[in-house]
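A.B. asks: One structure, as structure tokens, below. Some questions next.
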Amino acid sequence: MKPHLAKKHAEKIFLGLALTALILTILFLFTLLWDVISDGFPKISGGFLSGYPSRKPSEAGILPALAGSAYLMALTAIIAVPIGLFAAVYLEEYANKSYLSRILELNIANLAGVPSIIYGLLGLQLFVRFADLGRSVAAGALTLSLLILPVIIIASREALRQVPKGFREASLALGATKWQTVWNQVIPNALPGVMTGCILALSRAIGETAPLICLGALTYVAFVPDSVFSAFTALPIQAFNWVSRPQAAFHENAAGAILVLLVLLVMLNSFAVFIRMKFQKQYTQG
Amino acid sequence: MSFAKTLETEKPIRRVIQTVAEKLIESLCFLCAAVSVLTTFGVVAILCYEVAGFFTKVSFSEFFLSTEWTPLFYHKSFGIWPLVCGTLLISFIAMCVALPLGLLVAVYLSEFAHPKTRKVVKPILEILAGIPTIVYGYFALLFVTPVLQSIIPTLEGFNALAPGMVMGIMILPMVASLSEDALYVVPRSLREGSYAMGATKLQVVFSVVFPAAIGGITASCILALSRAVGETMIVAIAAGQQPALHFNPLKAIEAMTAYIVQVSLGDTPHGTIEYQTIFAVGAVLFVMTLVLNMVSLRIRERYQRMFG
């Protein structure tokens, strides 16, 4: 009877530990969110959203950073989504399991684990210096595109794999060519999954700070970028700039910028969840 | 009759065009896939190029044997160890937080939790994983450090402890969800066999399921370590900018990534030794994470083969 009791207690102790770990983690998340919201919420106002950076923390705003982030996102999506999707199509639909495709796969898996700051060094040398794009929106977007490409490829391949084999066979049997099958049957059916993956990848890009700092994205930009070749700042960079100053008033500004960034992320992610839910409905219908 | 005729006359040209187009599109898709290889090639080439330039000015022995890192001072010294030490110290603290908590959460979710609990906890972990690192940095500097200072009065404003702990929570979702996947694929028959021998649930979990999944769990932990080594914003914000060779978590220290940020913030002209140092540091960082990622990938592959 006694050893049995000890075993029972051991299980209780373990469960207690595990629940403590879980609660600590959740508590951490809520403390973090509460801290950012309570610091940043009083800052949010029309003036803060439409203002320009300033020496006086109370007058500073985030318009250039917000516009810079929007520019970056749009350009990154235009560059990275088609390349990522077609790369995934090649790996799933065309490549036979040869030595070459094995190398491609291993390479993508490794790239996904390269620290983002290394992409910053690559972008600094390749786009800023070699391609002579300067510290521009274009250089930033190209760097971020390379950064999220592995994520998009992995997510797109997953989505392509979900399309039933019968769809392809039926299309080929009707006389469609390989590409007609891929373009008219496979991609449309995989699109919701691909879009979800792309949105999640973009939401990673929007929060990236390190590679953009590495490129030398200016932290003090008092204008909205007017072309892809103009200098820019972005929300996380503006937040980093403010958080690394000693004055507490600037820290509040940083919290405000971070809060705006988090709201953008929540919006992007809800959009992804919305698409995912719609996608599931389609599948049950037929 | 005429229909058949048009088909016949049009067929060869159409077919040629179609075959060419198909081939073109396939090559285009291949090119897109090749971008990833080119990226790797680009990273390696650029690091090698700048590092070669760096080592014409600084000797190998100084880089690997000197214990001082002061490239931005008048008296320059280029010993990489203080930066490596900073990175390793903070990563070690992060792993001390992430491993126990992450594995407890993984085992709990995989073996004990009610499906409803899983449904609530999984998205929370995903949220943690999706928060930008700049937010963690802000939190480490302006919330965790002051709180810790009220407990440990000798803690400096910049220190290794706060960013390490926050980074631990940041990589926890990675440890938890990848380890949980590894536990989840352990075949049911193994558990049932163990239960049939009269084992309790805890015995089943720790003497059968956990050892069976140890490959996947190790792989996830190594991947998390690699993520910690390469993490930038938390350490750049909260750990400080003093490269120093010590293992005191209460004092300021500079990690490799933080140094790259520090130099990038100033306007360092191309071709100077300061500019080259960030590539030298980047190369060391790249090699460290690459080795960790490869080891993790290898272990996972071997593990997956075990259970199909």
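A.B. asks: Only helical DSSP H runs with n ≥ 4 go in: add -39500 (n - 2.57) per run for chain B, normalise by residue count and round the 222 nm mean residue ellipticity to 500 deg cm²/dmol.
C.D. replies: The per-residue figure over chain B is -24500 deg cm²/dmol.
A.B. asks: Right, next: If a helix is a whole DSSP H run, which ones in chain B reach 20 Å or further along their own axis (Cα) and hold a mean Kyte-Doolittle hydropathy of at least 0.5?
C.D. replies: B:2-57, B:81-107, B:161-184, B:214-230, B:273-307
A.B. asks: Give the peptides A:176-185, B:257-266, B:210-219 in descending order of average Cβ contacts within 10 Å, highest first.
C.D. replies: B:257-266, B:210-219, A:176-185
A.B. asks: Counting each DSSP H run of 4 or more residues in chain A as -39500 (n - 2.57), what helix-only mean residue ellipticity at 222 nm follows after dividing by all residues, to the nearest 500 deg cm²/dmol?
C.D. replies: That calculation yields -24000 deg cm²/dmol at 222 nm.
A.B. asks: With every protein chain left in place, what is the accessible area per residue of the stretch B:81-307 in square angstrom, probe 1.4 Å?
C.D. replies: With the other protein chains kept in place, the stretch B:81-307 gives 39 Å² per residue.
A.B. asks: Report, in debye and to the nearest 20, how large the dipole of the stretch A:64-285 comes out about its Cα centre when Lys and Arg carry +1 and Asp and Glu carry -1 on their Cβ.
C.D. replies: With only Lys, Arg, Asp and Glu charged at Cβ, the dipole is about 480 debye.
A.B. asks: Name the shape class, rounded, prolate or oblate, that the alpha-carbon gyration tensor gives for the stretch A:1-116, where a ≥ b ≥ c are the square roots of its eigenvalues, rounded holds for a/c under 1.5, and otherwise prolate holds if a/b is larger than b/c and oblate otherwise.
C.D. replies: Judged from the Cα gyration tensor, the stretch A:1-116 comes out oblate (a/c at least 1.5, b/c at or above a/b).
A.B. asks: Only four residue types carry charge here, +1 at the Cβ of Lys and Arg and -1 at the Cβ of Asp and Glu. Report the dipole size of the protein assembly as shown about the Cα centre in Debye, rounded to the nearest 20.
C.D. replies: Approximately 1800 debye in magnitude.
A.B. asks: Summarise the accessible area of the protein assembly as shown (1.4 Å probe, protein heavy atoms) by the percent that is carbon and sulfur.
C.D. replies: Ligands and nucleic acids excluded, carbon and sulfur give 69 percent.
A.B. asks: Specify the inter-centroid distance of the stretch B:188-206 and the stretch B:9-83, based on alpha-carbon positions, in whole Å.
C.D. replies: Using only Cα atoms, the two centres lie 50 Å from each other.
A.B. asks: Please check: in the Gaussian network model of chain A (C-alpha springs, under 10 Å), which one of A:Pro115, A:Pro236, A:Pro246 has the largest mean-square fluctuation.
C.D. replies: Evaluated over chain A, the most mobile residue of the options is A:Pro246.
A.B. asks: Also, I was wondering about something else. Calculate the mean, over all residues of peptide B:234-240, of how many other protein chain Cβ atoms lie within 10 angstrom of the residue's Cβ.
C.D. replies: Shielding by partners across B:234-240 averages 2.
A.B. asks: What does the buried accessible surface come to for A and B, summed over both chains, with the probe at 1.4 Å? Round to 100 Å².
C.D. replies: 6600
A.B. asks: Looking at the stretch A:69-161, which trypsin sites (Lys or Arg not before Pro) are in a loop (DSSP not H, G, I, E or B) and have at most 12 other Cβ atoms within 10 Å?
C.D. replies: A:Lys97
A.B. asks: Averaged over its residues, how many other protein chain Cβ atoms are within 10 Å of peptide B:172-182's Cβ atoms?
C.D. replies: Across B:172-182, the average partner-chain Cβ count within 10 Å equals 1.
A.B. asks: Please list the equivalent ellipsoid semi-axes of the protein assembly as shown, computed as the square roots of five times the alpha-carbon gyration tensor eigenvalues, in descending order and whole angstrom.
C.D. replies: The answer is 40, 35, 25 Å, longest axis first.
A.B. asks: Using the structure shown, list the pairs from B:Lys57/B:Lys251; A:Lys97/B:Lys119; A:Lys165/B:Lys122; A:Lys43/B:Lys251; A:Lys12/B:Lys119; A:Lys97/B:Lys23 with a Cα-Cα distance above 27 Å, or answer none.
C.D. replies: Flagged as over cut-off: B:Lys57/B:Lys251; A:Lys97/B:Lys119; A:Lys165/B:Lys122; A:Lys43/B:Lys251.
A.B. asks: Another question, if that's okay. What whole-number distance in Å separates the alpha-carbon centres of the stretch A:206-270 and the stretch A:39-98?
C.D. replies: Each part's Cα centre sits 10 Å from the other's.
A.B. asks: Moving to a separate point now. In units of 2.2 N^0.38 Å, what is the alpha-carbon radius of gyration of the stretch B:112-151?
C.D. replies: In units of the globular-protein estimate, the stretch B:112-151 measures up at 1.65.
A.B. asks: Ranked from the most accessible area to the least, with a 1.4 Å probe and all protein chains present, what is the order of A:Leu24, A:Leu72?
C.D. replies: A:Leu24, A:Leu72
A.B. asks: Can you give me the three principal axis dimensions of chain A from its C-alpha atoms, in Å, biggest first?
C.D. replies: 76, 69, 38
A.B. asks: Given C-alpha coordinates of chain B, what is the ratio Rg to Rh with the Kirkwood estimate of Rh?
C.D. replies: So for chain B, dividing Rg by the Kirkwood Rh gives 1.14.
A.B. asks: Skip the ligands, DNA and RNA, and give the accessible area per residue of the stretch A:84-176 with a 1.4 Å probe, whole Å².
C.D. replies: Heavy-atom accessible area per residue stands at 39 Å².
A.B. asks: On to the next question. How far apart, in nanometres, would the label points at A:Lys278 and A:Ser98 be if each is projected 7 angstrom from Cα along the Cα-to-Cβ direction?
C.D. replies: The two pseudo-label positions are separated by 3.9 nm.
A.B. asks: Using a 10 Å cut-off around each Cβ of peptide A:65-76, what is the average number of partner chain Cβ atoms that fall inside?
C.D. replies: Mean number of neighbouring Cβ atoms from other chains: 0.
The values are calculated or read from the model by the stated rules, or taken from the named source; none is laboratory data. What you are looking at is a predicted structure, and each value in this text was computed from that prediction instead of being measured. Note: ideal-geometry Cβ built from the backbone for every residue, glycine included; neighbour counts use all protein chains shown. In case anyone asks, the SASA skips ligands and DNA or RNA and just uses the protein heavy atoms, side chains included. Shrake-Rupley method; radii C 1.70, N 1.55, O 1.52, S 1.80 Å.
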